[in-house]
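First comes the structure, then the notes that go with it.
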Amino acid sequence: MGAFDFNFKRSEPAAPPTARAPAPTRFTVLFAAAFFLCALAGAAAGPGVLLSGCREGPDRLVLGLVATSPGGAQNGGLPKGEADALAATASTALGIKIELFAFPTPSELIKALGSGQADIAVLGPYAYVAAHDDTGAQLLLKAVKDGQDSTRSDIVVAASSAVGDLAALKALKQKTFGFADPASPESYLFPAAYLIENGVVSKAELLEGGARFLGTDLACLQALLEGRVAAVGCAENALEAAEVRTPDLASRVRVIARTPPVPGLTVAVRAGLDARLADRVKQALLSVVNREEGRRAWKALTGTDGLVEAQEAEYDVIRGMVQTLGLDIEVLAAR
């Protein structure tokens, strides 16, 4: 089967009109009896309990990722060796075959999750919110990268400024804010939404000249030191990175606020997947990805280091930002 062939139904030739069903054999009777006993024992054991020798769940699950190299020849754009390794170890841990498929775009993966062509998906946080809100996809896990399971943004002022908090910043007249790029989540979208939501500046004020886009976090901090902006919104690690060029930066600027944490790469399952099976998938992925072999394969496929538990409320910061700035989550999801 090709990487994008999701036609799972197989048409069987119709039996001749005069064909008669074969008489039950001893094996057929024994198999039926064993199946009945498994079902009876499973019911007695209670929900979610698996008994040795009794299978539960589908024959396979499809795990979808966005292709790391669109148009790549190997495994639809995924590193073949790592994809095979992750599929094999996850299948063993779950007890159900997991097949990895590469989708050309996040939008295509969301559609597959909504139509049932994919059972599990590895999505960016905006794509997850779109999938959850549009198709009912359910959250399983979030990724960890460089020891962090989320990112934040800082609101920074000059240490020489009289501004010591958001209230003082709000009181400033004709204030301008420095941001790196209008498409940057950490260096514009989330800090801008945070400032608006906390009444420091209005959306109209930002759009009418209150925001200056300076290209990089470093350029924003330089403009702050030169007095060209009242405050800047930048990525949480921007100050540390900038200190390489400006060793005394920490003493010349002050962080007065920090945005709520924003999750990164996310694992979700389609709506309608049995809750007990979804939990088994979660436990299997945690087990596999947080072991050495699985971690290597996972990192090669996703660029992240592991997986941890996640809560739906953690994604409300994304929904809030989208609403505050009047953005289209579908557009963000497609990036």
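The values are calculated or read from the model by the stated rules, or taken from the named source; none is laboratory data. These numbers come from a predicted model, not from an experiment. Note: ideal-geometry Cβ built from the backbone for every residue, glycine included; neighbour counts use all protein chains shown.
Of Ala137, Ala193, Ala158, all but one fail to be touching a residue at least 24 places away in the same chain (Cβ under 8 Å), closer than 30 Å to Leu273 by Cβ and in contact with a helix residue (DSSP H, G or I) (Cβ under 6 Å, 6 or more places away or on another chain); the exception is Ala137. Scoring Asn75 on the criteria (1) farther than 15 Å from Ala278 by Cβ; (2) buried (at least 16 other Cβ atoms within 10 Å of the Cβ); (3) at pLDDT 95 or above leaves a single failure, condition (3). Against the definition (among the acidic types (Asp, Glu) and within 31 Å of the chain's Cα centre (by Cα)), how does Glu208 come out, yes or no? So Glu208 fails the test.
For residues that are more than 18 Å from Asp134 (Cβ to Cβ) and surrounded by 16 or more Cβ atoms within 10 Å (Cβ to Cβ), tally how many sit in the range 321-335.
Quick first cut of the range 321-335, residues more than 18 Å from Asp134 (Cβ to Cβ) only: 324-326.
Going one step further and asking which of them are surrounded by 16 or more Cβ atoms within 10 Å (Cβ to Cβ), we end up with 324-325.
Residues in the range 321-335 being more than 18 Å from Asp134 (Cβ to Cβ) and surrounded by 16 or more Cβ atoms within 10 Å (Cβ to Cβ): 2 in total.
How many of the residues making up the range 303-320 are within 17 Å of Gln148 (Cβ to Cβ) and either in contact with a strand residue (DSSP E or B) (Cβ under 6 Å, 6 or more places away or on another chain) or surrounded by fewer than 16 Cβ atoms within 10 Å (Cβ to Cβ) (or both)? Adding up the residues that qualify gives 11.
Candidates are the residues of the range 256-266 that are surrounded by fewer than 20 Cβ atoms within 10 Å (Cβ to Cβ) and touching a Leu at 6+ places or on another chain (Cβ under 9 Å); the one that is farthest from Ala112 (Cα to Cα) is Ile256. With respect to (1) within 27 Å of Gln148 (Cα to Cα); (2) touching a strand residue (DSSP E or B) at 6+ places or on another chain (Cβ under 7 Å), the lone exception for Glu240 is condition (2).
Quick check on this structure: which one of Leu206, Leu221 is closer than 14 Å to Val253 by Cβ, aliphatic (A, V, I, L, M) and in a helix (DSSP H, G or I)?
Numbers: Leu206 fails: closer than 14 Å to Val253 by Cβ.
The unique qualifying residue is Leu221.
Could you tell me whether the range 220-229 includes any residue that is in contact with a strand residue (DSSP E or B) (Cβ under 8 Å, 6 or more places away or on another chain), within 19 Å of Ile318 (Cα to Cα) and buried (at least 21 other Cβ atoms within 10 Å of the Cβ)? There is no residue in the range 220-229 that is in contact with a strand residue (DSSP E or B) (Cβ under 8 Å, 6 or more places away or on another chain), within 19 Å of Ile318 (Cα to Cα) and buried (at least 21 other Cβ atoms within 10 Å of the Cβ).
Specify which of the listed residues (Glu292, Glu309) is over 30 Å from Ile196 (Cβ atoms), at pLDDT 95 or above and outside the structural domain of Ser202 (by TED's automatic domain parsing).
On the way: Glu292 fails: at pLDDT 95 or above.
After applying the criteria, what remains is Glu309.
Annotation note: of Val253, Val232, Val269, the sole residue that is among the aliphatic types (A, V, I, L, M), touching a Gly at 6+ places or on another chain (Cβ under 6 Å), buried (at least 20 other Cβ atoms within 10 Å of the Cβ) and touching a residue at least 60 places away in the same chain (Cβ under 8 Å) is Val232.
When the range 299-335 is filtered for residues that are of a type in the set (Lys, Arg) and outside any helix (DSSP H, G or I), only Arg335 remains. So how many residues does the range 229-272 have that are within 22 Å of Tyr188 (Cβ to Cβ) and not in a loop (DSSP other than H, G, I, E, B)? Of the residues in the range 229-272, 20 are within 22 Å of Tyr188 (Cβ to Cβ) and not in a loop (DSSP other than H, G, I, E, B).
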